[in-house]
1. Tally the residues that are under 15 Å from B:ARG781 (Cβ atoms) and over 32 Å from the mean Cα position of the chain (by Cα), restricting the search to the range B:805-834.
2. Just to verify a result, which residue in the range B:898-920, among those that are more than 11 Å from chain A (Cβ to nearest Cβ) and surrounded by 15 or more Cβ atoms within 10 Å (Cβ to Cβ), is modelled with the lowest pLDDT?
3. Give the residues of the range B:281-296 that are touching a strand residue (DSSP E or B) at 6+ places or on another chain (Cβ under 8 Å), crowded, with 17+ Cβ neighbours inside 10 Å and in a helix (DSSP H, G or I), sorted by residue number.
4. Can we say B:ILE529 is farther than 29 Å from B:GLY362 by Cα, in contact (Cβ under 8 Å) with a residue 24 or more places away in the chain, open to solvent by 20 Å² or more (accessible area, probe 1.4 Å) and hydrophobic (A, V, I, L, M, F, W, C)?
5. Is it true that some residue in the range B:321-335 is of a type in the set (Ser, Thr, Tyr) and touching an Asp or Glu at 6+ places or on another chain (Cβ under 6 Å)?
6. Kindly establish whether B:GLU992 is part of a strand (DSSP E or B) and either open to solvent by 40 Å² or more (accessible area, probe 1.4 Å) or in contact with a Lys or Arg (Cβ under 6 Å, 6 or more places away or on another chain) (or both).
7. Just give me the residues in the range B:952-989 being under 30 Å from B:ALA905 (Cβ atoms) and either of a type in the set (Phe, Trp, Tyr) or touching a helix residue (DSSP H, G or I) at 6+ places or on another chain (Cβ under 8 Å) (or both), in sequence order.
8. Of B:ARG957, B:ARG974, which residue is under 22 Å from A:GLU42 (Cα atoms), open to solvent by 60 Å² or more (accessible area, probe 1.4 Å) and without any contact (Cβ under 8 Å) to a residue 40 or more places away in the chain?
Amino acid sequence: MAAPTLERDVPDICEECGSRDLIEDTKNGDLVCAQCGVVAAELLVDLGHEWRTFENDDSAYDPNRVGGSINPLLDGGLSTSISQGPASVNALNQRLARAQSRNLLDASDRYVTDCYNRIAQFCERSGLPQLVKDRACELFKLYYDHLTLGADGVRTRSRFREDETLAMISAALFIACRNEGFPRTFNEVSVMVSVAKSRVAAYVKAMEMSLGEAAKISRIRTTDDFVARFCSYMEIPNSVRSLAVHVAREASEKDGIHGRTLVSIAAGAIFFVLSQWREHRPETLPRSLRISEDAMLTRIAEVSGITEGVVKTVGTKIRQHREQGLLPLDWQNRLPTEPENVEAHSRTDTGPDAAGTRATERSGNGASVKRPRQRG
Amino acid sequence: MLHSDFCHLNGLTEYQLQNMGECPYDQGGYFIINGSEKVLIAQERMGNNAVYVFRRASTAPYSHVAECRSVLDRGNKPARTAQVKITRGGVKGQSGQCVMVSLPYIRSDIPLAIVFRALGLESDREMMERVIYDPKDEEMQTLLMSSLDMGSVITDQNLALDFIGKRGNSVGATRDRRIRYAREVLQLEFLPHIGIGAYEPAKAWFLGYMTHQLLATVLGRREEDDRDHYGLKRLDLAGPLLTGLFRQLFQKVVKDARMILQRQLDTGKELNIALAVKSRTITDNLKYAIATGNWRADRKAAVRTGVSQVLNRLTYAASLSHLRRLNSPIGREGKLAKPRQLHNTQWGMICPAETPEGQACGLVKNLALMAYISVGTPVADILEMLYNFEMEPLYEVTAEQITRQTKVFLNGSWVGIHPRPEELVTALRMLLSIVFDISQGELRIGTDAGRVCRPLFIVDTETSTLRIRKQHIDQLRDYETTDYSFSRLVREGLVEYLDVNEEETVMIAMDQEHLATSGEHAIYTHMEIHPSMIFGVCASIIPFPDHNQSPRNTYQAAMGKQAMGMYLTNYNLRMDTMAHVLYYPQKPLVTTRVMEHLQFRTLPAGINAVVAIACYSGYNQEDSLIMSQAAVDRGLFRSVYYKTVKEEEQKKLFGQQEVINKPDSAITIGMKEAHAYSKLESDGIIGVGERVRGGDVLVGKTAPLGATRAAVDAAEQEAASGMAALSGIRSRKDCSLVMKRTERGVTDKVLVCTGEAGTRMVKIRIRTELIPQVGDKFASRHGQKGTMGLCMPEEDLPFNVDGIRPDIIMNPHAVPSRMTIAHLIEALLGKVCALSGVEGDATAFTPVTVDAIGRELVRHGYDPRGWELLFNGQTGRPMNAAIFMGVNYYQRLRHVVYQKLGARARGAVQVLTRQPVEGKSRGGGLRIGEMEKDVFVAYGASAVLKERMCDVSDKYRVHVCEICGLIAIADLRRATFECRGCKNKTQIAAVEIPYACKLLFQELMSMAIAPRMILKDLGD
């Protein structure tokens, strides 16, 4: 009589023909060799849920025999913890739990958890998605391990000075943003975490050097990334934004502009498009943009984090090239015809992937629906 | 909320909705969270601030208690209940019954007189005036005497406050602090709805009123209050529910911000408001509450579960009914029958038929068709209006005034008195709910949110005729040109919405006939719009419900929600996780008037079938049905079943991304048979129009193996250099989405999009045709459900002179004990309709008679009672008895054998016991349970029993030491056996026992109990 087969007992090579092509026949509970057909094991153990759930089940009882998965971002492995329980029930219990968490979590885990919380806070405040947060935490952990973990698996130190910590966080955020398709400038990250721009850059460099593959640039930035976001900060309507995106794209390759930073091209393009709008249809400008040219320069400089001078220079350069097809032919029609309600524009992030995310909503412009295949 | 003022769909025309891919019949009123439609179920609760007097059990120390659940209408203060109680006999030297008051935070009950004194009343006379409004009422004065005597020792306000303070939480405090504490309790916590602050005079009046009510009840002048009276109930809809939650969350945000700012201040950091305000709190928690239905702001508070439910999309009527559902949050286990019973005051407000059976019976209710829930108006506006009408505010009231004037109550709280209440009544009648109780000298006004109301025709009392005229109806009829509407009727004073309390003060005629015969007996002020309006959505679909035994209507109301039909017109665009659509739904021949408004004729859920009531072969015993094979072949009750499955590329940490692709067997472990992947297209996703069966892969997906990044990297590098196949490193694991093993179908739609976290997501809708087969469930509209027992060939079915054969043969035994007369009347009327080609009206409480229908049948040449001479289909001979045959509307219910059938010969086993797994979805076995076992025992079939319990279940071989009887060590490969304890290597026996038995033995051993198997050779 064959004993039931647990996973550890399941052979991975067919005893008859030596093939590794063993297939689990879940219907009959057998492991069958795809080559010779021999039944290598039978009465397999069902590895799915041990219990069944019903509609009217009380959720109070958890039939699970094991705890949650181990968090790979922390060092602590399996452990026992005192449950907090509801506040009203037992004050002593709570104190015990708190005392335990103080002691049990070792210094490095406590430090790292604190850093993760800070990263989460920064991301929340700048409207960055979960994806970026996770990635930033991961990078931080990798770099932290790189700095502190000796070859023998023992930590040489557990925490860093406050300013070093912040710099590490800023670098992790910068790389995470860039690689997940929500690029931020050094300036922006610097303001967000309040670390000097040069330090952010230095730590990014250091991180890239030491982490290699993990921190490698996986996506090339374009002007689009910045134009869209700056426009959204300035509450510029979508139609004008798309004009600016177009202009920035076209202008990047032109003489005197090519080679400038993406941010400055983006800012210049916005300045150019806004000044065109002012010239041709000033009456439809939203109230926040009914300002002098200088004020507008200041505003753009503020949003993009570069100097007014650069914005102006690039803007002027773009203006010089305007005859060379910088603007689409119908550009005048794309300007708004009546003042729009500014409130209507959302201020959410508009990274290139954000459009894809929205496809889950009704519009379906990013979602694709498969068509029936033609059959002969 | 969909179709609300803030919804994109708000105010769109039918055409625009259609262009957006929306169903124009979808009425909104629900939320969409994480892609699922959520309904907020209305929650029933007791109204606040009103005074209720209840009698206590004869064993309790107090005989009666007056309660007031006092809540301030603004702010977020919790409710405070004030109680005024009266003892059964005398206490502490008092001979009579004594009135005591229980105050918040005060441990023991305080004598009434002391509370009055603490509230600033000096003399007994003043106290008497607060309680007894008629100075000549000696009976009540006598009753109150001993209570006032109890306060005679406490002579001034400070003494009284100290008396109260001593019984509070202030242990060891000075006298001054005790007094301050007591004053704070009275000002801030006692009856907060009167006011928070120095409102003692008004609070004294209100306490006096509570006592008055209590004494009046004790003296038998007034009935005990009825807890189940629907006028006392309030319903919290989505608005108040969300408002409450938002208020709590906002408070939490402010509290957290304050805490963080405080810490910033303490540590001397720069103040950073952006850092302090947690902007996500409100959004995230609101989302969480709507998504899970756990209605609470912080995780520590008690949960209110099931507030939000997934909208039922089985049938259109089921969705409608779900949106009008009510829930009473009382424990389901409670044996108390009272709150579950239908109350007289629920007439016209709550459907008498539609409630679930079982634990939630009577606790979950449904609104009647015309019932409306009040939104509520701000109290301040109403108060101002009342003052303009010369109402005397409560704090200025004097004792002389009160005896002559009428007390004015606003939402349960006493706001003032008025000398000429009739003026108020006539002025306010049309604006708000107003009850003038002359006998009590009280005027009660209700303006709060959550009162259930219903519209009634207004009767002109002078002429005893309706205010509404033919001309109004005509205008209403062509509303498109005249722009006339129901709300116009309300505005013009032809129709009025009354709440339960106000309804009790008016005279309502049932119909025009009653109105015409009035005068002699009664003066009517209102008339019902139609008596059938007492029913809710699901009960309104039942024809002639007034001819059925009442539980049958309840059964049908529950079953109508399980019928297949057309749940929305845009079902082809939707990706519902599960949906049924009937192929050829028909509008019923026998209709009710409301069906038009419920869109039941547009989006029906059933088919008109020719039904004969006969035994005919016996394949319809015990509520089964014989169905015509030919009719089924022609498409009767055929339906499609849509099921949508989802797969997402999950991003894990350290770059361990799952990938949707066609798995490569060279680098992937845990693959299925090669042909399982054959239907995938090159992108790893199945195409549209593919016929799929159990085991087929719908979406190929692989996850990286190995926990550490290093291992993955090494494997990936090797894979990249083409070494993988040679060196045999398999770096990925198959985790493809596979079709459930018992299902089949055709891929109907494939949607590829991006998930919330930016991950690639695929949804696949599978379509399955469900042809009725033996075992499928059907029901008429009268709680008469049954499964198909036989699909009879058409030639075998009986036929009448016209050659008509029934679609369904129902067993006659289903009728007498259940008394579903309406089923028979429907069949009769259905027959007339089928013959004449008109719709029949079967609305409740209309004067349609069986005789009238019979006469119509005779006109078509049929028997007036529906009997027909049928010929046996198998013999061709006329049948001995006449058979009742007619047309009934039948529903196909969603329980179909295709989704329930499961069997197993061999397969996987459970981890713990090694017995076969349970459940159809896991390919589980069918259990020989406690009762099934008894059958084999009774038969003496012990070999069968042993086979079922052990051999085919979890047979296991253990090796037992014959000396000690414990399990020995067995090395089967070397064929050596050993019991270390006994140093025994020879006397060991192999024993076959269930694995569960072995498990039990080992568990016992772990508890220091040695179960020994003492073996005896039985020979052969």
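The values are calculated or read from the model by the stated rules, or taken from the named source; none is laboratory data. Computed from a predicted structure; not experimentally measured. Cβ coordinates were reconstructed from backbone atoms using ideal geometry, including for glycine residues, and neighbour counts include every protein chain displayed. When the accessible area is computed, the model is the full protein with side chains, heavy atoms only, and any ligands, DNA or RNA have been set aside. Shrake-Rupley method; radii C 1.70, N 1.55, O 1.52, S 1.80 Å.
1. Count: 9.
2. Within the range B:898-920, the match that is modelled with the lowest pLDDT is B:GLY902.
3. Within the range B:281-296, B:ALA289, B:ILE290 meet the criteria.
4. In short, no.
5. Yes, the range B:321-335 contains at least one residue that is of a type in the set (Ser, Thr, Tyr) and touching an Asp or Glu at 6+ places or on another chain (Cβ under 6 Å).
6. The answer is yes for B:GLU992.
7. Those that are under 30 Å from B:ALA905 (Cβ atoms) and either of a type in the set (Phe, Trp, Tyr) or touching a helix residue (DSSP H, G or I) at 6+ places or on another chain (Cβ under 8 Å) (or both): B:ASP954, B:LYS955, B:TYR956, B:VAL958.
8. On inspection, the qualifying residue turns out to be B:ARG957.
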